[in-house]
Every structure is written in C-alpha cells, then in structure tokens.
Amino acid sequence: MGPRMIWDKRDERVAGSGRRWHAAETGTVKSTTRDRYRVCSVYPFVFRAAPALFSLVLLVPSHAAAAENEDIAVLRRMLGELKSENRKLSQRLSALEGTSPARRTKPAAVHQHPAPAVTAAKPAPTVRSPPVDPPALPAPDLSEAAAKRPLGVRVSELEIVWAAQENATRQIIRDSLSKTGPKINSFLSLSGVVEGVASRTGSFTGPTEENLSLGTAELDFDIKLSDWLTGALVLHFESGTGAIFPTGNQPVLPTNVPGIGVDRFTLDRTHITVGDLMQFPIAARFGVEVLHFGTSTGVARLDTLSIGTPLTTEVFENRQTAGGLEFAWPTPPRQPPPAPVVVPRISPLVVAPAVSRLMRWLGYTPLPERPFRPTPVTPLLDPPPFYGSVVTYRGSDSIIPGRTKIDDYNASLGFRTRGHCGLPYDQLTESLICPWTVDFHVDYDTSVFESRFLRTSYLPFLNQIGRIPGVAASLKSSFGPFAVVGEVNAAVQDARFVDGLGIARNMMPMTWQASIAYQFDWNPWITEIGAQGNFISLGYSGSKDMAGVSILQNGIPTRIGFVPQHRLFLTGGEWVMDGLKVAVEYSANWDYPVSAGGTGKVAHGWFGLIQLNF
C-alpha cells in the first residue's frame, strides 16, 4: 500500500491561498471526495494550466534535474534513518512499558519516610527486625499528556525508573544479608583493617625521605561459642625487614649484601576467655596479648586518632604469652535490655561532598535510591564500674639468664562510669559537656624492659639491667563532642649498666601523652569520638631518660635505644563512607639536646592515610 495523503496546512509554500498535498507514512486520511471536489471547483486555473507547466518543466536543463534527484536521495536516506530510530525507540518503549509494575498494577503511592528522628521504641522481650517495605519509587507516567512528550524523553524516563527499581531490589537484598553482620558462621566473625600510608618525613641525622607503604594489614577472628566461652585470633602482616624476626638483614652473599626480606602474616594476638563478667565477677583468660600498661598501649589505632604512634606505645608496648584472671564488680542485676533507639547518622562534610559535586559536574547522575527506615539499635548495658586483671608470664632469658620459673606478672585496676546530666539525650544535642564518660586505671608490671622496643634496643645490656618494675596511670574521657586521653608510664627503679663505650649509665625510662579530639556533626548517641563523620585531633607525647646509649659497630660509635624528647601530632580525618577513612597529619619530633646525648634537631613530617575497615 502506498503512502496515504494527508492535508497539511503547515506546508504552505506559495503566496496567496495556494496549498499542496503532503505524503506521510503514518496517520489518518483527512482528505475526502468532497474535499477533492472543492479543490477542483475553487482552483480551476491550476488544472487548466497544468499542460503549460509540464511543458515548462521539460525545458529545465538536465543538471538541475540531477541536482534535484540527489537532494531527493539525501532526503530519502534521512527519512530512512529517522524511521529506523523511531522503530528502535518504539521497541524500547514497548519493552519498558510491558515490564513496568505500574502497567501491571495500579501505581503505588510513594512511601513518605520521615527524617531520622530520635525516638525510643517500646520495650519488648525481643527486638524484631523491621519489615522490608517494597521499593518506593516513582511510577512511570503513562497518562495521555505523558504520551504526547517526545519518544526519546519517555524512553529515558522509563529506563531511569527501571534501573532505580533494580537498584532498590539489590539494596533490599544487601540490607537483608547485612543483618548477619561479619559472621562466617554462628560461632565465628571476621573483621580487619588495611591501611595505606604516604609520608614525607625528616630525620635527626639524614635527609628528608618520601615513602609509600602498607601501614597495617590485619585479620581479626572473633569466636563466641556461648556467653561463657569466647576467644579471638588476630593475624598481622609483617615485612621481612622489620625489627621482629628480620629475614632480610642476614648476609647471604660473599660480599655481605643484605638478603631480601620475606613478607608474611604472623600471629599477633590471641586469647581464650572462660566466663561472663556481666553475670559473674571472675573470668579466666589465657593467650598471647598486649599486657595492660597504659590506655593507648597495644592497639593504638583503636585508642588514638593519630596516624603516628605516641611515645607511650612505642616504648612500653609489651606482648607476652600470659594467663590469669579478670574481674569486674559489682555484677549488674538481671534486667531486660534497654529500649531500642534510632540513632541519627553522621554525614561526611568535606571529602565525600566534594567528590560528589565533582562527579556530577563531570556528568554523573546517581540513580534514585529507595529510602530506608533507620534500624533501631539496642544500647549496651552499663558494665560493672570496677574492673581489673592479674596475669603471669615468663619473661626473656636475656634479662634473667637460665630462668626456669614463671615469675613475672602484670596487674591492673580500673574504674569507669558515665552520665548524662539527668537530661534525656534529645535535649543534649547542643551540650558541650553531656553525656560524659570517664575511664581511669593504673597498671603494674614487674619488668618494663620486656617491651618490644626496650628489649630489642638494649639487648646487649639486659643481663646487666635485670628486672626493672614499672607503673602506668591513664585516663580516657569524653565530654560531649570532645575526647581526652592522658597517660604516664614509667619505670620505678634505675636501670644501671655500662654501654658499649665503657660509660656507666643510669636511666629510668618514662613517657607520657595527652591528646584531645573533636567530633564534627556530633550527636549525644555517639559512643566513640572519631569513629564516623569528620574529626580533628591534637596529641602531644614526651619522654625522659630516653636519649639512647652508644655501642661500637665495626669500630664506629653508634647511637641506639633513643626516641624523641617531644612529639606532636595534628590530625584531621573523615569517614568518606562506611568502612573507609582518609586522614592527613602533620608531625614534629624534637630530639634531646646535645648535652644529653642527642642532636638538638627538629624533624618534621607529613602523612596521608587511607584505611579500610571491615
């Protein structure tokens, strides 16, 4: 069937009332027999002059006909391309409208979820997970007005809605699976951290160095067979050139060229705990652990917000295979869990918004996401205020040669409490003091030279030094959006020995630190400052009697066993998304004066961190 003729008033090309016929592929025939009769009666001159016009056309030169034929071919080709594009858009439109939920059922009303509000749910024996709502997304507009919009616009809108529905489905599945948390099975959970650090640091004796390194790679396995039997296993990445078990410092060639280190995962910490201090005041504990000696000693990334290490941790960290008892008193009474609360979420303020704006500027448009109701969180019960531990371990044979007894021990006693100034949390959003927490404890160890740093640095002199006891007092507190840490670690006896140059030494190692942190976009339900959103931290640590000593290496005096006299950290960080933190830090280290055995110099450093927590 040939093209149907349509009377089109828009195609007026000549002066006066002249009109022409227009052919199109689709549409309805608007010309009738009456219209054709009317045309012939009104415009008889046109039909009478047709033979003369036809004769005039025959006189047109041949090249004009060829040009007209070429133009017609171009128009036909463009018309064919337009037909093909319309056919594709029609197919996409049919597919999208055929699979759209709005075509199969009535358009569902969009769920209007309120903004996250701080409300407490009614207490219940068990907290059930909220029901998963169906995806609340804009339904495609299939009205008559929408049908008149350009076909390409309609197809784009339907494709966006379809992709958003697919995204909402994946989000529902992901959130359903996330309720299991990091569990591998019903007894074992996996977590960990990976850190990358870029640095530019100066030194007291050499040039400024730039470095890109793996700061931390750690896998944490938490085991819970019951409330009364728990454990943990922590694997840590060690480079082959580290101070502990160096595999790359051994000469393997006749020319004494150092060998290549072997990177490996090693057992960092592990323990077994038998008992539940929330139900009984005493529990047994055994494992390879960091002994209690100061707040930030051990896993510094969990207690301090700086990228660098405070001097308290660097000097006195002591990891041993130890066993003993823990206690907490008084045991809290049996009571139902607190009512679940909806905790407002903290949003990043700097890096994440800047990246989002940049991506939008480059043309990226995120798909609409289904709004989810915040899941209520059940607050933890307050632990017993008094706590402590007594463990024993066997020290190094380098300190007491030929020892046969387990005669070293570590003891700790602490007190913790918290309050909210007698006001509900929703009335404390502007407070700079409440809610508050305080955790203070003192620690005692029979041999501080068992620490990693002191044992490896003073190894040639340990048999002269012997067992030196030490004490530590630390305070960790928070007031509103602020967190404060204070700590003092020190030996309580002089360590006397003769160094490698024959000089008699008398030292009593001591370190301290103080730090303050501020949480941006804070709310009273935050239990740990710096664990989300944006934060800034300022930390200072110092040392005494840690200028180092001298030994002879190949006949050359070499300074060993020293740390800076003062160390300063200024750190700013942001959790750009769940589990990913970026931070920058400026550090300054002041060496001991020349009169005390140091260089008297100051070393500056810059650090950048990206940390993945899972």
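How many residues, within segment 374-397, are surrounded by 14 or more Cβ atoms within 10 Å (Cβ to Cβ) and either free of Cβ contacts under 8 Å to residues at least 12 places away in the same chain or under 30 Å from Gly466 (Cβ atoms) (or both)?
Total satisfying the criteria: 9.
For segment 452-466, enumerate the residues that are surrounded by fewer than 20 Cβ atoms within 10 Å (Cβ to Cβ) and out of contact with any strand residue (DSSP E or B) (no Cβ under 6 Å at 6 or more places or on another chain).
Once the filter is applied, which keeps residues that are surrounded by fewer than 20 Cβ atoms within 10 Å (Cβ to Cβ) and out of contact with any strand residue (DSSP E or B) (no Cβ under 6 Å at 6 or more places or on another chain), segment 452-466 yields Arg452, Arg455, Thr456, Leu459, Pro460, Asn463, Gly466.
With the condition kept exactly as written, say whether any residue in segment 560-573 is in the same structural domain as Gly486 (by TED's automatic domain parsing), within 23 Å of Pro207 (Cα to Cα), at pLDDT below 95 and more than 37 Å from the chain's Cα centre (by Cα).
yes
Output the residue which, of all residues in segment 420-451 that are surrounded by fewer than 19 Cβ atoms within 10 Å (Cβ to Cβ) and among the aromatic types (Phe, Trp, Tyr), is farthest from Ser396 (Cα to Cα).
Tyr425
Can you tell me how many residues within segment 468-480 are modelled with pLDDT under 95, surrounded by 18 or more Cβ atoms within 10 Å (Cβ to Cβ) and farther than 13 Å from Thr295 by Cα?
Residues flagged as modelled with pLDDT under 95, surrounded by 18 or more Cβ atoms within 10 Å (Cβ to Cβ) and farther than 13 Å from Thr295 by Cα within segment 468-480 amount to 2.
Looking at segment 492-515, which of its residues are of a type in the set (Phe, Trp, Tyr) and farther than 16 Å from Leu462 by Cα?
To start, the set of residues in segment 492-515 that are of a type in the set (Phe, Trp, Tyr) comprises 497, 512.
Once the filter is applied, which keeps residues that are of a type in the set (Phe, Trp, Tyr) and farther than 16 Å from Leu462 by Cα, segment 492-515 yields only Trp512.
Here is a yes/no grid of residues against (1) out of contact with any Phe, Trp or Tyr (no Cβ under 9 Å at 6 or more places or on another chain); (2) assigned to a loop (DSSP other than H, G, I, E, B); (3) in the same structural domain as Asp591 (by TED's automatic domain parsing); (4) not small (Gly, Ala, Ser):
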{"position": "Pro207", "(1), (2), (3), (4)": "yes, yes, no, yes"}
{"position": "Ser213", "(1), (2), (3), (4)": "yes, no, no, no"}
{"position": "Leu225", "(1), (2), (3), (4)": "no, no, no, yes"}
{"position": "Thr230", "(1), (2), (3), (4)": "yes, no, no, yes"}
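Quick one: how many residues across segment 308-338 are touching a strand residue (DSSP E or B) at 6+ places or on another chain (Cβ under 6 Å) and either polar (S, T, N, Q) or outside the structural domain of Gly542 (by TED's automatic domain parsing) (or both)?
Selection size over segment 308-338: 3.
Residues Arg394, Arg416: which one is within 25 Å of Gly561 (Cα to Cα) and either of a type in the set (D, E, K, R) or in contact with a His (Cβ under 8 Å, 6 or more places away or on another chain) (or both)?
Details: Arg416 fails: within 25 Å of Gly561 (Cα to Cα).
After applying the criteria, what remains is Arg394.
Can you tell me which residue within segment 496-536, out of those that are of a type in the set (D, E, K, R) and under 30 Å from Gly561 (Cβ atoms), is surrounded by the fewest Cβ atoms within 10 Å (Cβ to Cβ)? Lay out the reasoning, then the answer.
Kept after step one, since they are of a type in the set (D, E, K, R), are these residues of segment 496-536: 496, 499, 505, 521, 528.
Filter once more, keeping what is under 30 Å from Gly561 (Cβ atoms): 496, 499, 505.
Details: Arg496: 14, Asp499: 20, Arg505: 19.
Checking each candidate, the answer is Arg496.
For segment 583-605, which residues satisfy the criterion of being more than 9 Å from Phe204 (Cβ to Cβ), within 33 Å of the chain's Cα centre (by Cα) and either outside the structural domain of Lys544 (by TED's automatic domain parsing) or small (Gly, Ala, Ser) (or both)?
Ala583, Ser587, Ala588, Gly605
When you scan segment 290-307, do you find a residue that is hydroxyl-bearing (Ser, Thr, Tyr), modelled with pLDDT of 90 or more, in contact with a Gly (Cβ under 7 Å, 6 or more places away or on another chain) and closer than 30 Å to Tyr518 by Cα, even just one? Break it down stepwise before answering.
Residues of segment 290-307 that are hydroxyl-bearing (Ser, Thr, Tyr), as a first pass: 295-297, 304, 306.
Checking which are modelled with pLDDT of 90 or more leaves us with 306.
Going one step further and asking which of them are in contact with a Gly (Cβ under 7 Å, 6 or more places away or on another chain), we end up with 306.
Okay, now just the ones that are also closer than 30 Å to Tyr518 by Cα, so 306.
Yes, segment 290-307 contains at least one residue that is hydroxyl-bearing (Ser, Thr, Tyr), modelled with pLDDT of 90 or more, in contact with a Gly (Cβ under 7 Å, 6 or more places away or on another chain) and closer than 30 Å to Tyr518 by Cα.
State which residue pairs qualify: first residue assigned by TED's automatic domain parsing to the domain that holds Glu326 and more than 30 Å from Gln320 (Cα to Cα) and inside segment 411-431, second residue of a type in the set (S, T, N, Q) and outside any loop (DSSP other than H, G, I, E, B) in any location, beta carbons under 6 Å apart, and separation of 6 or more residues or different chains.
Listed pairs, sorted by first residue: Arg418/Thr437.
Test Ile399 against the stated conditions and say whether it is at negative phi, touching a Gly at 6+ places or on another chain (Cβ under 8 Å) and modelled with pLDDT under 90.
Numbers: at negative phi: yes; touching a Gly at 6+ places or on another chain (Cβ under 8 Å): yes; modelled with pLDDT under 90: no.
Here the answer is no, as Ile399 does not meet what is asked.
Just a yes or no: is a residue in segment 238-255 in a loop (DSSP other than H, G, I, E, B), touching a strand residue (DSSP E or B) at 6+ places or on another chain (Cβ under 6 Å), at pLDDT 65 or above and not polar (S, T, N, Q)?
Scanning segment 238-255, I find no residue that is in a loop (DSSP other than H, G, I, E, B), touching a strand residue (DSSP E or B) at 6+ places or on another chain (Cβ under 6 Å), at pLDDT 65 or above and not polar (S, T, N, Q), so the answer is no.
Please return the ranges of strands (runs of 3 or more DSSP E) entirely within segment 525-614 where 3 or more residues are β-branched (Val, Ile, Thr). Explain how you work it out, then say what you get.
Details: elements: 534-544, 549-553, 556-560, 566-577, 580-590, 602-613.
Qualifying strands (runs of 3 or more DSSP E): 556-560.
Can you find even one residue in segment 549-556 that is farther than 23 Å from Trp606 by Cβ, buried (at least 22 other Cβ atoms within 10 Å of the Cβ) and touching a Lys or Arg at 6+ places or on another chain (Cβ under 8 Å)?
yes
Within the set of pairs 6+ apart or on separate chains, which have a first residue in segment 261-288 that is closer than 28 Å to Gly395 by Cβ, a second that is at pLDDT 95 or above and of a type in the set (Lys, Arg), and C-beta atoms under 8 Å apart?
As it stands, the answer is His271/Arg285; Ile272/Arg285; Thr273/Arg285; Val274/Arg285, since those pairs meet every condition given.
The values are calculated or read from the model by the stated rules, or taken from the named source; none is laboratory data. All of these numbers come straight from a predicted model, not from anything done at the bench. Glycine also receives a Cβ, built like all others from the backbone with ideal geometry; neighbour counts cover every protein chain displayed.
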